[in-house]
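Working notes for the structure below.
What follows is calculated from the coordinates using simple rules that are stated; it is not laboratory data. Since we're looking at a predicted model, the values are computed, not measured. Please note: Cβ atoms are built from the backbone with ideal geometry, for glycine as well, and neighbour counts cover all protein chains shown.
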Amino acid sequence: MGRLAKDTASKTPVSLGLLGAAAFMVVADVRVIDPLLHIIADEFKVGVGSAAVIISAYTIPYGLFQIVYGPLGDRIGKLKVITVALTAFAVGTAVCAFVSNIVLLTLLRFLTGMAAAGIVPITLAYIGDNFPYEERQAALGKYLSALVLGQILGGSLGGIFGEYIGWRYIFLVFGFVSLGIAGLLWRGTRHLSDGYPPQGRVSRITFRPYYQLLRQPMARAVVVGVFIEGLCLFGAFAYVGAFLRDRYTLSYVAIGFMLTGFGLGGLIYTRSVKWLVRRLGEIGLMGVGGSLMCTSFLAIALFQNWILFIPLNILMGLGFYMMHGTLQTQATELTPEARGTSVSLFVFSLFIGQGIGAAVFGKIVDNFGYIYCFILAGVAIALLSLWLVKQKQNH
């Protein structure tokens with residue numbers, strides 16, 4: 001047993017470093033759309049709300065295919081699933097550079113979302129397998145640094161490419177870099193084993209574990225909570241870049257850098273997570289996090305000053321990671337014997353919510369304007385925070 005722990009400890013940092021690079025590319029690929037949405041809408045001559053179909057086309061299959069990748073990772077090995085998924089993601093992303101209309105871009109984003117679904121959530125489950133619960137939130141916080149960096153640079157790079165180079169080239173760059181990371185991941189992990197499947201036996205993949213998981217009251221609270229979080233936060237946040245362009249006529253480079261504030265808030269969280277957990281506990285993290293997100297959305301909507309957006313966006317990012325990091329940690333402990341399944345259901349709910357949210361808030365933006373979109377999102381997140389706190393107190 002001691003030897004196994006020693007082997008795991010020696011192997012985990014190497015593979016997590018590579019997996020962090022893979023996560024960076026996936027998250028940057030998602031966030032790069034934020035400053036580019038207005039440009040893409042103009043090129044294909046559609047409204048901003050209609051162009052947001054490329055967001056839903058990515059996030060909905062990303063969520064749906066979690067229910068496949070989770071059990072698959074538990075059966076054939078998480079590292080194998082991640083490597084193959086990253087390769088397919090790289091190819092799909094690169095081909096996005098050559099589309100001629102919004103329909104083809106939507107289709108490719110759908111396929112890319114399918115592939116990307118097998119990377120970050122399976123890595124989270126892999127971390128859950130290698131760190132005890134009392135150390136896991138800190139370990140996840142370190143891994144989240146790669147995701148946060150992807151959020152920061154994704155928005156910035158999107159703005160730079162959109163303003164000076166062309167939005168298509170960013171997908172080409174992301175595709176080739178991801179393919180290189182996939183090659184390194186294969187070389188670095190092909191001799192490693194994360195313990196699945198049990199030697200000499202490959203069990204049949206079924207969806208029964210999801211049904212058994214959802215019979216737990218705490219699991220239902222986590223799944224519903226992260227669904228609403230994704231629907232309200234990311235559904236509305238998808239239109240912040242377009243709002244800054246339409247309201248203040250800022251350059252795409254400026255918008256891209258301003259959107260990185262969300263990631264900076266996440267970076268603050270990853271650097272202070274141990275202190276925050278000690279001071280606030282899980283209940284406090286969810287309560288304060290929800291309050292920060294609500295306040296930020298309402299202030300962006302009501303205070304007509306783009307300079308204020310910079311600190312507000314940082315606070316929004318911090319609030320999101322305080323709430324989401326807590327829910328994510330809880331998700332890794334719902335089924336310790338099959339973390340791939342529980343984490344995949346968690347991410348399934350988050351991205352299905354985000355995909356539906358982008359469509360719902362797109363209708364609100366097109367018909368009523370950005371202000372109503374942000375106010376509704378802020379109030380809904382505040383109510384979600386209160387509900388999550390109450391659920392945690394009851395359990």
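Taking other residues whose beta carbon is less than 15 angstrom from the beta carbon of Ala359, and scoring Lys, Arg as +1 and Asp, Glu as -1, yields +1.
Sorting Arg245, Arg278, Arg220 by the number of Cβ atoms found within 10 Å of their own Cβ, with the fewest placed first, yields Arg278, Arg220, Arg245. Size check on segment 200-327: the Cα extents along the three principal axes, sorted descending, read 60, 34, 30 Å. Couplings 3J(HN,Hα) for segment 26-36, derived from phi with the Karplus relation 6.51 cos²θ - 1.76 cosθ + 1.60 (θ = phi - 60°), are 5, 5, 4, 5, 5, 6, 5, 5, 3, x, 8 Hz, where x marks Gly and Pro.
Report, in deg cm²/dmol and to the nearest 500, the calculated mean residue ellipticity at 222 nm for the chain, where each DSSP H run with n ≥ 4 adds -39500 (n - 2.57) and the sum is divided by the residue count. Here the helix-only value at 222 nm equals -28000 deg cm²/dmol. Near Val148, once Lys and Arg are set to +1 and Asp and Glu to -1 for all other residues with Cβ below 14 Å from its Cβ, the sum equals +3. Here, the chain is characterised by an Rg to Rh ratio of 0.95, where Rg is the alpha-carbon radius of gyration and Rh the Kirkwood radius.
Within the listed set Ile310, Ile356, Ile119, the Gaussian network model of the chain (springs between alpha-carbon atoms below 10 Å) gives the highest mean-square fluctuation for Ile310. Using the Karplus relation 6.51 cos²θ - 1.76 cosθ + 1.60 with θ = phi - 60°, the per-residue 3J(HN,Hα) values for segment 346-354 come to 4, 6, 3, 5, 4, 7, 5, x, 5 Hz, with x marking Gly and Pro.
Given Lys274/Lys390; Lys80/Lys390; Lys45/Lys363; Lys274/Lys392, which pairs have Cα atoms separated by over 28 Å? Those over the limit are Lys80/Lys390. If you run the Gaussian network model on the chain, springs between alpha carbon atoms under 10 Å, then out of Gly180, Gly162, Gly92 the most flexible one is Gly180. For segment 74-87, 3J(HN,Hα) computed residue by residue from phi via the Karplus equation (6.51, -1.76, 1.60; θ = phi - 60°) reads 5, 9, 9, x, 5, 5, 5, 4, 4, 5, 5, 4, 5, 5 Hz, glycine and proline entered as x.
Exposure proxy ranking for Val30, Val224, based on other Cβ atoms within 10 angstrom of each Cβ and starting from the fewest, stands as Val224, Val30.
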